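Visitor: Before we start, here is the structure in question, set down as structure tokens.
Just so you know, all these numbers are worked out from the coordinates, no wet-lab data involved. Quantities reported herein were computed from a predicted structural model and do not represent experimental measurements. Here Cβ is always computed from backbone atoms with ideal geometry, including for glycine, and neighbour counts include all displayed protein chains.
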Amino acid sequence: MIKLFFATDIRGSSVCFRKFLDALPTYGIDVGILFGDLTGKVLVPLVKTSASSWECTLMSRHVDIETKDELSRVKKTIEQAGYYWLEQARDEYEATRSDPLKSEPLFKGLVLERARQWLDLADERLDGAPYEMYMAPGNDDWFEIDDLIEAATRVRACDMRGVDLGGHEMVTCSWSGPTPWDTPRETDDEELTAKLAELCGLVARQETAIYNFHVPPYDTTLDLGPKLDENLVAAAGETAHVGSGGVRRMIEEHQPLLGLHGQVIESRATERLGRTLCVNPGSDYAEGVLRGAQVVLGTTRVETCELTAG
């Protein structure tokens, strides 16, 4: 038996990252897998209005901050939501807010620094632990994240390769098909399918394998996202299948034991495609809630799969 804990799409939430690390010893896990869209996308400038006060716009609401205690609470709220903060004087803020050449390096620096802090913490927690942890980015993450994961001492990188998990071969793919947001790791469906096929070709025993593919299989309960109009506005109450046909074809063709997926955070579900159990634990990162999946694997079957939240 091997017990896995899988979570995905924490999108910059330090609270969720710490909860993931805490879950491994709490649940008695053998292998933790944190995968896909690790970083957030929002920078919140904290603009000084006096020597001891600040202001910001947080979740479309103007916030006046009058004390350092209030500032600490606002920073905590920003981090819990997966956002990043930066204290700036008024002139610094005005100089960077409308100039991407100045603002983008600041933002990227904050994103990478948080990722470094996470990996340092994970390495510390994993030192001497009876479990191991694998980590890989998603289509939304910059390629610099790969270098940070590769440089970690205890956290194990797994993207675009095969690894052995207690006799189960796992292949991982962070890439997706086209999205409306032009993310760093997306390509056309044909090339994505070729990447997936190459990874699947690394597997010697498909019947015991794990496909750790960020994008869920198309036309399942795992890939239902908000239906967007031409302005990328979600239609109220309407959904659409947004997963990958290539992922589905690889699963149907090879029938691995387990499929681990994410990306569509609203589509928390499990579903079988033939003999393959496919899992998307979803994500509620903005509320600081870690959603995950505990999976117990026998030699040739999935013994149990439990979706968790906490």
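Visitor: All other residues with a Cβ under 13 Å from the Cβ of SER14 taken together, and with Lys, Arg as +1 and Asp, Glu as -1, what is their net charge?
Guide: Charge balance near SER14 sits at +3.
Visitor: What's the FRET efficiency of ARG301 with ASP120 using the Cβ-Cβ distance as r and R₀ = 30 Å, to the nearest 0.05?
Guide: The calculated FRET efficiency here is 0.20.
Visitor: At what distance in nm do the modelled label points of ASP229 and ARG18 sit from each other, each positioned 7 Å from its Cα along Cα→Cβ?
Guide: Placing both labels 7 Å along Cα→Cβ, they lie 4.2 nm apart.
Visitor: I want to check the label-to-label distance for ALA129 and SER60. Put each point 7 Å from Cα in the C-beta direction and report it in nm to one decimal.
Guide: According to this spin-label approximation, the distance is 3.8 nm.
Visitor: Moving on to the next point. Quick one: if the Förster radius is 45 Å, what FRET efficiency do LYS68 and GLU238 give, using the C-beta to C-beta distance and rounding to 0.05?
Guide: Efficiency for this residue pair is about 0.50.
Visitor: Still on this structure, please answer the following. Once a ≥ b ≥ c are taken as the square roots of the eigenvalues of the Cα gyration tensor of the range 186-228, is the result rounded (a/c under 1.5), prolate (a/b larger than b/c) or oblate (a/b not larger than b/c)?
Guide: oblate
Visitor: Students often forget the sequence filter, so: which lysines lie under 20 Å Cα-Cα from LYS48 once same-chain residues fewer than 8 apart are removed?
Guide: List returned: LYS68, LYS75, LYS76, LYS102.
Visitor: Related question: Which net charge results when you count Lys and Arg as +1 and Asp and Glu as -1 among the other residues whose beta-carbon is under 12 Å from that of ARG268?
Guide: Charge balance in the 12 Å sphere: -4.
Visitor: Please give the net charge around ARG248, taking every other residue with its beta carbon less than 10 angstrom from that of ARG248, where Lys and Arg add +1 and Asp and Glu add -1.
Guide: Cβ neighbours under 10 Å give a net charge of -3.
Visitor: Could you pull out every one of the lysines with an alpha carbon less than 21 Å from that of LYS3, ignoring same-chain neighbours closer than 8 positions?
Guide: Hits, sequence-local ones excluded: LYS19.
Visitor: Within straight cross-link reach of LYS108, meaning Cα distance under 16 Å, which lysines are found once same-chain residues fewer than 8 apart are removed?
Guide: Reachable lysines: LYS41.
Visitor: What is the packing order of peptides 208-218, 128-138, 178-188, taking the mean over residues of other C-beta atoms within 10 Å and listing the highest first?
Guide: 208-218, 128-138, 178-188
Visitor: Using a simple spin-label model with points 7 Å from Cα along the Cα→Cβ vector, what separation in nm is obtained for ARG161 and LEU112?
Guide: For the pair ARG161/LEU112, the computed spacing is 2.1 nm.
Visitor: Next question, about the same structure. Using 1/(1 + (r/R0)^6) with R0 = 41 angstrom and r between the beta carbons of ALA204 and TRP142, what's the FRET efficiency to the nearest 0.05?
Guide: The formula returns an efficiency of 0.80 here.
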